[in-house]
Amino acid sequence: MADVAELAGVSSQTVSRVSNGHPGVVGSTREQVLAAMRELGYRPNSAARALRYGRFNTIGVILFSLSSTGSSRTVEAIATHAAAEGYAITLIPIDVATQDNVLGAFTRMGELAVDAVIVIMEIHLLDTATVQLPPGVHVVVVDSDAGDRYGVVDTDQADGARGAVRHLLDLGHRTVWHVAGPESSYAAQRRAQAWRAVLTEAGCPVPGLLRGDWSAESGYAAGLALAKEADCTAVFAANDQMALGLLRAFHERGRSVPAEISVVGFDDTPDAAFFIPPLTTVRQDFAEVGRRCVEDVLRQIRTGGDSRPGTDLVPARLVVRESTAAPRTT
């Protein structure tokens, strides 16, 4: 830093301000310092800065699956909003969700020097006493039913599912079949509960639930079974990938969508508008989920506060396209 200051003809304090992005430096002076840094190959030492200021400007993210649409897009949103605030993220995936593995991930986060942790807990763990997070950690949890103990940010899964089922009933369908996600998934549970509740409240028959694993392959298998059900005219799939599998199965079995069977998905993946036919689906605002997660952990970091128990729900929105229509009259 002293060498940069000498070459630029400024004080070491000015070099420090420039390297820390301090706004109170004249533009021409800033350019002199940056030119000197480039010439000398100087880079600020983030470890030394962390020791001095007690912050690492890094947020840890622990998650149990990168393969699901929700997890991958939430991580992307967290990284984007963290970067806008001058923070990097450190990612630690966990293969097997156990208490020991969760605690091990938090220990590793401590070794990697992070200021706070966001846990994307897509499966049922925090809902029971199976997994407890270490006390005294700045933490936000995504996609879990743990709002009585931690700050939770999530899409309003139930309301999104209700909108999907009501849309199909409003079109005139007698009932709606459901291809649910894995039993271990909190989001899948909420969507299935809402599906069943809407049908019950409307006095509609509740068909047997079919279970998938979020993949298009599992949706395809469910679609082959549903294609044999003559009274099946509407299906709500718990995600867009399983809905894609349904469309393939119905096409192969000669069941026209939406003329004979209407299909609704969940997530509004970027490809959903390009399915054949374009998919009616529930849009999750992953960018807003990520923004609220980062906002909450930064509040904790800056104030020294703890996670505030409670669930912050981000609204979901039905996007109507060409895969749904009124049932065919006979």
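The values are calculated or read from the model by the stated rules, or taken from the named source; none is laboratory data. None of these values were measured; they are calculated from a predicted model. Don't worry about glycine lacking a Cβ; one is built from the backbone with ideal geometry, like all the others, and counts go over all protein chains shown. Surface accessibility is based on the protein's heavy atoms, side chains included, excluding ligands, DNA and RNA. Shrake-Rupley method; radii C 1.70, N 1.55, O 1.52, S 1.80 Å.
Condition test on R253, is it modelled with pLDDT of 95 or more and touching a helix residue (DSSP H, G or I) at 6+ places or on another chain (Cβ under 8 Å)?
Considered against the rule, which asks whether it is modelled with pLDDT of 95 or more and touching a helix residue (DSSP H, G or I) at 6+ places or on another chain (Cβ under 8 Å), R253 comes out as yes.
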What are the residues in the range 320-329 that are within 24 Å of the chain's Cα centre (by Cα) and surrounded by fewer than 16 Cβ atoms within 10 Å (Cβ to Cβ), if any? V320
Test for V257: is it of a type outside the set (G, A, S), assigned to a strand (DSSP E or B) and within 19 Å of A221 (Cα to Cα): no
Given A192, A197, A161, which one is surrounded by fewer than 18 Cβ atoms within 10 Å (Cβ to Cβ), modelled with pLDDT of 95 or more and outside any strand (DSSP E or B)? A197
Would you confirm, using the coordinates I've provided, whether E31 is modelled with pLDDT of 85 or more, closer than 22 Å to G86 by Cα and open to solvent by 50 Å² or more (accessible area, probe 1.4 Å)? yes
Among the residues of the range 265-295, write down those that are over 29 Å from A180 (Cβ atoms) and open to solvent by less than 30 Å² (accessible area, probe 1.4 Å). V294
Output for the range 98-138, where each listed residue is modelled with pLDDT of 70 or more, open to solvent by 20 Å² or more (accessible area, probe 1.4 Å) and small (G, A, S): G104, G110, A113
Every residue from the range 253-264 that is touching a Leu at 6+ places or on another chain (Cβ under 8 Å) and open to solvent by 10 Å² or more (accessible area, probe 1.4 Å): R253, V257
Going by the structure shown, is A88 under 23 Å from T155 (Cβ atoms), without any contact (Cβ under 8 Å) to a residue 60 or more places away in the chain and not β-branched (V, I, T)? no
Residue check, L298 assigned to a helix (DSSP H, G or I) and either touching a residue at least 12 places away in the same chain (Cβ under 8 Å) or in contact with a Cys (Cβ under 8 Å, 6 or more places away or on another chain) (or both): yes
With the first residue restricted to the range 68-80 and required to be within 17 Å of I94 (Cα to Cα), and the second required to be among the aliphatic types (A, V, I, L, M) and open to solvent by 20 Å² or more (accessible area, probe 1.4 Å), Cβ contacts under 9 Å at 6 or more apart or on different chains are S72/L66; V75/L66; V75/I89; V75/L91
Selected residue (only one of P182, P205 is open to solvent by 20 Å² or more (accessible area, probe 1.4 Å) and under 30 Å from V297 (Cβ atoms)): P182
Only one of (1) in contact with a helix residue (DSSP H, G or I) (Cβ under 8 Å, 6 or more places away or on another chain); (2) farther than 25 Å from Q300 by Cα; (3) at pLDDT below 90 is not met by D145, so which one is it? (2)
Every residue in the range 71-122 that is in a helix (DSSP H, G or I) and aromatic (F, W, Y), please. F106
